[in-house]
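Shown next, in structure tokens, is the structure this report addresses.
All of the numbers you see were taken from the coordinates with simple rules; none came from a lab. It should be emphasised that the depicted structure is a prediction, and the values quoted were computed from it without experimental measurement. Cβ coordinates were reconstructed from backbone atoms using ideal geometry, including for glycine residues, and neighbour counts include every protein chain displayed.
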There are 2 protein chains.
Amino acid sequence: MENDSRDGAPPGRSERARTATLEAALALAAELPYPQVTIEAIAARAGVGKATIYRRWPHRGALMVDAVAHRNDRAATAGGAVPDTGDLAADLAVVLRSVVDELARPEWDALLRALCVEALVDTATRARVLDLVVAPQIALFAERFATARSAGRIDDAVGDTEAFELVVAPVFHRWQLRTGPLDHAYADAVARRACRAMAP
Amino acid sequence: MENDSRDGAPPGRSERARTATLEAALALAAELPYPQVTIEAIAARAGVGKATIYRRWPHRGALMVDAVAHRNDRAATAGGAVPDTGDLAADLAVVLRSVVDELARPEWDALLRALCVEALVDTATRARVLDLVVAPQIALFAERFATARSAGRIDDAVGDTEAFELVVAPVFHRWQLRTGPLDHAYADAVARRACRAMAP
């Protein structure tokens, strides 16, 4: 990722503009129907020129991916790791409950819908979502999976991505299609079922 | 669903226009980038007036949902049921392999992406996708789940929707985000893991 502030030096002008743009994109995606979240609107909110935005991001999709990655970086700094109490199902349930809580917030729901739309209509954006949003999430889970694998709770044949999908995909599917209630009971059930699924 | 042809009578003019519109929408979604699949283009291809289309469908999203449901109806007539050999994992693998094969066809991939976009941007369309596309799929699986439940292979606590999600959601997630190869090996692994997940 681009970063103008190294070695703890105060962020430069370019970095400040980047952060302002990402925060403006996040705020607007939470406030407006997505078609109204234009580069123009983001530039106005961020107090930067449209040209400044286009120099860094070729289109809105690329910008939104960075905005979500930026938000997730902050969340991870605030403690995004999967807990490790020794009880895999309980630990995964904690994470899935917080995912469910996040998805219940209209602004985060709107932002993720926007991200999925961008990933669905453009292959390059999808690759960017995978690199900047999904892969870091898989990495967070991978640490916990490694411990569980050592403890004989995960089949060696189940890789980190496959295990991640067993845990997260049912929630993603239910969020996107609203096949049923997306609540803590569902989070707990999915965590429990995923553990059975990936067991040796 | 609307149906002008009852009791085996030949389809009326309105029903012929409906079918022509749905087939045109399917064909164009397979051929063109989705933004170019306009009501105007669909009307031209179907040989019907735009007004005729708008009388039946308020917007493109509603029409696309019916088009996909129409396509699935035909597929189900051609034998869309889940096989029942007594081996649940093997039977689910057969279905998931065919899902994977379908998703590898560019025209079906494009159509489903379009459908997901429509469902993501509009709540009413999402509800329509659930009713006309997802619910019939769950119903196809539910017959097989009922047999498996009688045979003690599925926990009574796992409802049809939850079981469906355990089977289908990982494939849906991988298709949408391309987290890894979407092939027969993955289909088989997901079928096997889903069976363990839903076991009593």
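If you take each beta carbon of peptide A:162-175 and count the beta carbons of other chains within 10 angstrom, what is the mean?
Other-chain Cβ atoms within 10 Å of each residue's Cβ, averaged: 6.
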Which value, in debye to the nearest 20, gives the size of the charge dipole of the protein assembly as shown about its Cα centre, when Lys and Arg are +1 and Asp and Glu are -1 at the Cβ?
900
Which FRET efficiency value, to the nearest 0.05, is calculated for B:D101 and A:R55 with the Förster distance at 41 angstrom and r the Cβ-Cβ distance?
0.40
Tell me the label-point distance for the pair A:E40, B:T123, using the 7 Å Cα-to-Cβ offset, in nm and rounded to one decimal.
2.8
Charge dipole (debye, nearest 20) of the stretch A:83-198; +1 at Cβ of Lys and Arg, -1 at Cβ of Asp and Glu
300
Shielding score for B:115-127, defined as the mean number of other chain Cβ atoms within 10 Å
4
What net charge is computed for the residues neighbouring B:V171, neighbours being all others with C-beta under 14 Å from the C-beta of B:V171, Lys and Arg scored +1, Asp and Glu -1?
-3
Residue-averaged [θ]222 nm for the protein assembly as shown, counting only DSSP H segments that reach four residues, each worth -39500 (n - 2.57)
-22500 deg cm²/dmol
Listed residues B:V95, B:I138, B:V82: farthest to the positive end of the dipole of the stretch B:61-198 (Cβ charges)
B:V95
With a Förster distance of 45 angstrom and the Cβ-Cβ distance between A:T147 and B:L140, calculated FRET efficiency to the nearest 0.05 equals 0.70
